[in-house]
1. For the stretch 139-185, which residues satisfy the criterion of being of a type in the set (D, E, K, R), within 21 Å of V75 (Cα to Cα), part of a helix (DSSP H, G or I) and out of contact with any strand residue (DSSP E or B) (no Cβ under 9 Å at 6 or more places or on another chain)?
2. Conditions first: (1) within 16 Å of the ligand (Cβ to nearest atom); (2) within 19 Å of T6 (Cβ to Cβ); (3) touching a helix residue (DSSP H, G or I) at 6+ places or on another chain (Cβ under 7 Å); (4) not in a loop (DSSP other than H, G, I, E, B). E124 passes all but one, so which condition is the exception?
3. Counting only residues that are crowded, with 16+ Cβ neighbours inside 10 Å, more than 14 Å from the ligand (Cβ to nearest atom) and outside any helix (DSSP H, G or I), how many does the stretch 32-53 have?
4. Which of the following residues is closer than 18 Å to G130 by Cβ, within 16 Å of the ligand (Cβ to nearest atom) and not hydroxyl-bearing (S, T, Y): E15, E21, E61?
5. For the stretch 82-104, which positions are within 15 Å of the ligand (Cβ to nearest atom) and closer than 24 Å to P153 by Cα?
6. Name, by its number, the condition in (1) more than 26 Å from M82 (Cα to Cα); (2) modelled with pLDDT of 95 or more; (3) of a type in the set (A, V, I, L, M, F, W, C) that does not hold for L183.
7. Please name all residue pairs, on different chains or six or more residues apart, with Cβ atoms under 8 Å, provided the first residue is in the stretch 43-66 and is polar (S, T, N, Q) and the second residue is part of a strand (DSSP E or B) and more than 10 Å from the ligand (Cβ to nearest atom).
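The values are calculated or read from the model by the stated rules, or taken from the named source; none is laboratory data. The shown structure was predicted, so the numbers you read here are calculated from the model rather than taken from an experiment. Note that we place each Cβ from the backbone using ideal geometry, even for glycine, and neighbour counts take in every protein chain shown.
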Amino acid sequence: MGIIVTGFEPFGGAEVNASWEAVRRLDGVERILLPVSFAAAVKGIRRLAGRGIDAVICVGEAGGRSAISVERVAVNLMDARMPDNDGARPVDAPVVPGGPAAYFSTLPTRRIAARLEEAGIPAELSCTAGTYVCNAVFYALMDAVARSGRPIPAGFIHVPVRGMPTETIAAGLRIAVEEVKRLGEGR
Ligand code: PCA
């Protein structure tokens, strides 16, 4: 099964991004680093989604969250409180003009959250990925999947910025990948 897992580069003056620190430790998946740029990341994710892969899990960091947040819904809204790494700061703008208001994740979100909890990794289902670059990437991913006519598992997971060791986050992401593989095997 060809699974892509993406992480983000640092932003907002930080030196690292917890998402990429964890994603780069994964084996057996294609790991891709995305820029924290509305335009470039959305373009990059569209290119990926057009490649005929079997599943995509995008990962980003979320300040103020202490659990791994399995995101359920992406909204068609960009509303940035601070400029992205290219200096863009869209306000009240759609990710895809004329696109649906929202898309649901097609990952087994509840199962992933439950498996994380079982493994002793703090996890939650989340109903908002915010309105910054992460949500835009999530929306663009789901929009590309919806338009492709190939309903692959795809979605977004937010990880804590601090307070959770990188190895724990990586272990959580391995569980998410495992659950996606299970779907593919029809188990
Ligand atoms: N977090 C930001 C963008 C990149 C990242 O890791 C967000 O939640 O939108």
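1. Applying the first criterion (of a type in the set (D, E, K, R)) to the stretch 139-185 yields 143, 147, 150, 162, 167, 174, 178-179, 181-182, 185.
Those left that are additionally within 21 Å of V75 (Cα to Cα): 143, 147, 150.
Applying the additional criterion that residues be part of a helix (DSSP H, G or I) yields 143, 147.
Residue satisfying the conditions is R147 alone.
2. That leaves (2) as the condition not met.
3. 1
4. Working: E15 fails: closer than 18 Å to G130 by Cβ; E21 fails: closer than 18 Å to G130 by Cβ.
It is E61.
5. Of everything in the stretch 82-104, just one residue is within 15 Å of the ligand (Cβ to nearest atom) and closer than 24 Å to P153 by Cα, namely V95.
6. The failed condition is (2).
7. Sorted first by the residue in the stretch 43-66, then by its partner, the pairs are S66/P160.
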